[in-house]
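Participant: One structure, pasted below without further comment.
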Amino acid sequence: MNPCGPAVAFVSIGCRTNQQELFALRGTLLSMGFSIVDLPESAQFVIVNTCSVTSLAETKTGRFLRALSRTAPNARILVTGCFAQQHGSALLEYPGVNWVIGNAHKHRIPSILTESAKEKKLCFTDVDLADETSVFWEDCLYGPETSGRTRFSLKIQEGCDFGCSYCIVPALRGRSRSASKLKLVDIFKRSLDMGYKEIVLTGTHIGQYRDSRDGGGLEELLTRFLKEKGDYRIRLSSLDPRDLTDTIISMAGREKRICDHLHVSVQSLCADVLRSMKRPHEHLETLLERLRSFRQKYPSAGLGADFIVGHPGESGAMFETTLRNAESVGFTYGHVFRFSKRLGTESSLKGDQITESVKKARSAALRDLLQNSRNIFLYSQLSIPLRIIIEDTEPARGVSGNYIKVEVRGMPKGKAQKNRWVTARLNGEAARGYQIAVGLCQNS
């Protein structure tokens, strides 16, 4: 690889899938002779992978792009991702923006930069392409020492076939498409050979994964991955309640090489709100029983959730139902979002919109409840050794399999090594968002 080629800086705004896409793109550009820099002002090209899932994300993205032209006045800017998909050629009016590349055309970015002297302004934003290579380009992998990362995000799927009334993602990411199992197993094996110890399966909706050859889903893919030997763990990113099969639950609870951690996008735990969202509501009690059972069977496992508060028509009583049900499950953490109008969605047109002040109050109430549940969970983990992969060394920090951010103390100075396993025990203290733990031993 030639480190003296044109300098490229990356900015990722939004989800883990965005981060994975830029990680894959880094490898491709490095293999082509581009150099990678951290600061946009030091770059000839700046690639911004954007988010459009909420109005707040869009506002922040727009502000960032306007400021970027002042921060890096000599750079040529390429905007990609969902914000690019949503606004298309209008973004070419932003200062410094030369290219607007939609989600189905990200594989073109290396050639666009290579031919930059020929092409001035470009916009590609048609989204629903059938070709697998349009959303799963060949990865040029590089190891933890070069990337600086200890986790490898493996994108298995793109798009969504559901039609939730509030969600803009299917319009921006297209229908569900999956990478072939053959390709994914190859990348999985190569990532292990390079020394990655945690592989995170990502996508728009990983529960919709289907191999084009044999029709196998997420369960079959996990079973195939687990045939590979080695000291690694697999982490599942966000799942839809419809993805929680008995097999997936059992794998997360019992399989040592799958993180004892589930994150479920429940959005609401009130059947009436779910019906309005056009999400499954008939089997809410079954879902609640499954979630409670998971917490009871595997009390050390992490169980997170996504919630949307203030969806049009959500009454105070409906919100109280979500609070009661969330408390009964005992989530170990949660992410709470206030409903945000997305142009082109059914929910944005409803007349019974909730005021921002009410949404803010409900958000605070649910966050308080989830924090209380988390505190109870953390207290229960004080006597249990946690296995952590060191991600930063000064101070030594990492994340446990059950998704606790840990700062490890008590190890000899300079002994903590990045991308090594450490066994540690929480001591009940916290600092800067991390739980403090005493290191017990470190392994390779």
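The values are calculated or read from the model by the stated rules, or taken from the named source; none is laboratory data. All of these numbers come straight from a predicted model, not from anything done at the bench. Every residue, glycine among them, receives a Cβ derived from its backbone with ideal geometry; neighbour counts consider all protein chains shown.
Participant: Being polar (S, T, N, Q) and modelled with pLDDT of 95 or more is the filter here, so list the residues in region 351-402 that pass it.
Facilitator: Start the filter on region 351-402 by keeping residues that are polar (S, T, N, Q), which leaves 353, 355, 357, 363, 371-373, 375, 380-381, 383, 393, 400, 402.
Selection gives Gln353, Thr355, Ser357, Ser363, Gln371, Asn372, Ser373, Asn375, Ser380, Gln381, Ser400, Asn402.
Participant: Suppose the filter is among the basic types (Lys, Arg), out of contact with any helix residue (DSSP H, G or I) (no Cβ under 8 Å at 6 or more places or on another chain) and either at negative phi or outside any helix (DSSP H, G or I) (or both); does Lys360 pass it? Let's see the steps before the verdict.
Facilitator: Working: among the basic types (Lys, Arg): yes; out of contact with any helix residue (DSSP H, G or I) (no Cβ under 8 Å at 6 or more places or on another chain): yes; either at negative phi or outside any helix (DSSP H, G or I) (or both): yes.
The answer is yes for Lys360.
Participant: Residues in region 245-260: is at least one buried (at least 16 other Cβ atoms within 10 Å of the Cβ), touching a Cys at 6+ places or on another chain (Cβ under 8 Å) and touching a residue at least 60 places away in the same chain (Cβ under 8 Å)?
Facilitator: no
Participant: Turning to a different aspect of this structure: Of all residues in region 358-376, which are under 23 Å from the mean Cα position of the chain (by Cα) and surrounded by 15 or more Cβ atoms within 10 Å (Cβ to Cβ)?
Facilitator: Those that are under 23 Å from the mean Cα position of the chain (by Cα) and surrounded by 15 or more Cβ atoms within 10 Å (Cβ to Cβ): Ser363, Leu366, Arg367, Leu370, Ser373, Arg374.
Participant: Which one is nearest to Ser165 (Cα to Cα), of the residues in region 58-103 that are out of contact with any strand residue (DSSP E or B) (no Cβ under 8 Å at 6 or more places or on another chain) and in contact (Cβ under 8 Å) with a residue 40 or more places away in the chain?
Facilitator: Going through the qualifying residues, I end up with Gln86.
Participant: In region 67-107, which residue that is among the basic types (Lys, Arg) and touching a helix residue (DSSP H, G or I) at 6+ places or on another chain (Cβ under 9 Å) is farthest from Met32 (Cα to Cα)? Working first, answer last.
Facilitator: Initial filter on region 67-107 (among the basic types (Lys, Arg)): 70, 76, 106.
Going one step further and asking which of them are touching a helix residue (DSSP H, G or I) at 6+ places or on another chain (Cβ under 9 Å), we end up with 76, 106.
Working: Arg76: 18, Lys106: 16 Å.
Here the residue is Arg76.
Participant: Need the failing condition index for Arg190 against (1) within 27 Å of Thr125 (Cα to Cα); (2) not in a loop (DSSP other than H, G, I, E, B); (3) not β-branched (Val, Ile, Thr), just the number.
Facilitator: (1)
Participant: Only one residue in Ser31, Ser42, Ser52 is of a type in the set (S, T, N, Q), touching a residue at least 60 places away in the same chain (Cβ under 8 Å) and surrounded by fewer than 18 Cβ atoms within 10 Å (Cβ to Cβ). Which one? Don't jump to the end; show me each part of the working.
Facilitator: Values: Ser42 fails: touching a residue at least 60 places away in the same chain (Cβ under 8 Å); Ser52 fails: surrounded by fewer than 18 Cβ atoms within 10 Å (Cβ to Cβ).
The match here is Ser31.
Participant: So how many residues does region 422-444 have that are within 27 Å of Phe331 (Cβ to Cβ) and part of a strand (DSSP E or B)? Walk me through it before giving the result.
Facilitator: To start, the set of residues in region 422-444 that are within 27 Å of Phe331 (Cβ to Cβ) comprises 422-438.
If we keep only those that are part of a strand (DSSP E or B) too, we end up with 422-431, 434-438.
Summing the residues that are within 27 Å of Phe331 (Cβ to Cβ) and part of a strand (DSSP E or B) in region 422-444 gives 15.
Participant: Could I ask something else about it? Tell me which residues, restricted to region 331-357, are hydrophobic (A, V, I, L, M, F, W, C) and buried (at least 16 other Cβ atoms within 10 Å of the Cβ).
Facilitator: If we filter region 331-357 for residues that are hydrophobic (A, V, I, L, M, F, W, C), which is where we start, we get 331, 336-337, 339, 343, 349, 354.
If the condition is that a residue be hydrophobic (A, V, I, L, M, F, W, C) and buried (at least 16 other Cβ atoms within 10 Å of the Cβ), then Phe331, Val336, Phe337, Phe339, Ile354 are the ones that fit.
Participant: What are the residues in region 297-316 that are surrounded by fewer than 19 Cβ atoms within 10 Å (Cβ to Cβ) and over 22 Å from Arg242 (Cβ atoms), if any?
Facilitator: Pro299, Ser300, Gly313, Ser315, Gly316
Participant: Right, another one. Which of the residues spanning region 305-341 are touching a Ser or Thr at 6+ places or on another chain (Cβ under 6 Å) and among the charged types (D, E, K, R)? Walk me through it before giving the result.
Facilitator: Pass one, region 305-341, residues touching a Ser or Thr at 6+ places or on another chain (Cβ under 6 Å): 306, 309, 312-313, 322, 330-331, 336, 338, 340-341.
Passing the criteria: Asp306, Arg338, Lys341.
Participant: Now for a separate question. Report whether or not Asn375 is under 21 Å from Ala252 (Cα atoms) and either without any contact (Cβ under 8 Å) to a residue 12 or more places away in the chain or not in a strand (DSSP E or B) (or both). Don't jump to the end; show me each part of the working.
Facilitator: Working: under 21 Å from Ala252 (Cα atoms): no; either without any contact (Cβ under 8 Å) to a residue 12 or more places away in the chain or not in a strand (DSSP E or B) (or both): yes.
Answer is no for this residue.
Participant: Let me ask something additional. Quick check on my filter: what residues within region 397-444 are among the basic types (Lys, Arg) and without any contact (Cβ under 8 Å) to a residue 24 or more places away in the chain? If you could, list the steps in order and put the result at the bottom.
Facilitator: Pass one, region 397-444, residues among the basic types (Lys, Arg): 397, 405, 409, 413, 415, 418, 420, 425, 432.
Hit for region 397-444 is Lys413, nothing else.
Participant: Name the strands (runs of 3 or more DSSP E) wholly within region 218-331 that hold at least 1 residues that are under 23 Å from Asn372 (Cα atoms)?
Facilitator: On the way: elements: 233-236, 261-267, 302-309.
It comes to 261-267, 302-309.
Participant: Please determine whether any residue of region 203-212 is farther than 28 Å from Phe337 by Cβ, modelled with pLDDT under 90 and not aromatic (Phe, Trp, Tyr).
Facilitator: yes
Participant: Could you tell me which numbered condition Ile384 fails, if it satisfies all but one of (1) in contact (Cβ under 8 Å) with a residue 60 or more places away in the chain; (2) buried (at least 19 other Cβ atoms within 10 Å of the Cβ)?
Facilitator: Among (1) in contact (Cβ under 8 Å) with a residue 60 or more places away in the chain; (2) buried (at least 19 other Cβ atoms within 10 Å of the Cβ), Ile384 violates only (2).
Participant: Does region 52-67 include one or more residues that are in a helix (DSSP H, G or I), modelled with pLDDT of 85 or more, under 23 Å from the mean Cα position of the chain (by Cα) and within 17 Å of Tyr142 (Cα to Cα)?
Facilitator: Within region 52-67 (the criterion being in a helix (DSSP H, G or I), modelled with pLDDT of 85 or more, under 23 Å from the mean Cα position of the chain (by Cα) and within 17 Å of Tyr142 (Cα to Cα)), the answer is no, since none of the residues qualifies.
Participant: Only one of (1) in contact with a strand residue (DSSP E or B) (Cβ under 6 Å, 6 or more places away or on another chain); (2) under 30 Å from Gln417 (Cα atoms); (3) surrounded by fewer than 20 Cβ atoms within 10 Å (Cβ to Cβ) is not met by Glu145, so which one is it?
Facilitator: Going through (1) in contact with a strand residue (DSSP E or B) (Cβ under 6 Å, 6 or more places away or on another chain); (2) under 30 Å from Gln417 (Cα atoms); (3) surrounded by fewer than 20 Cβ atoms within 10 Å (Cβ to Cβ) one by one, Glu145 breaks only (1).
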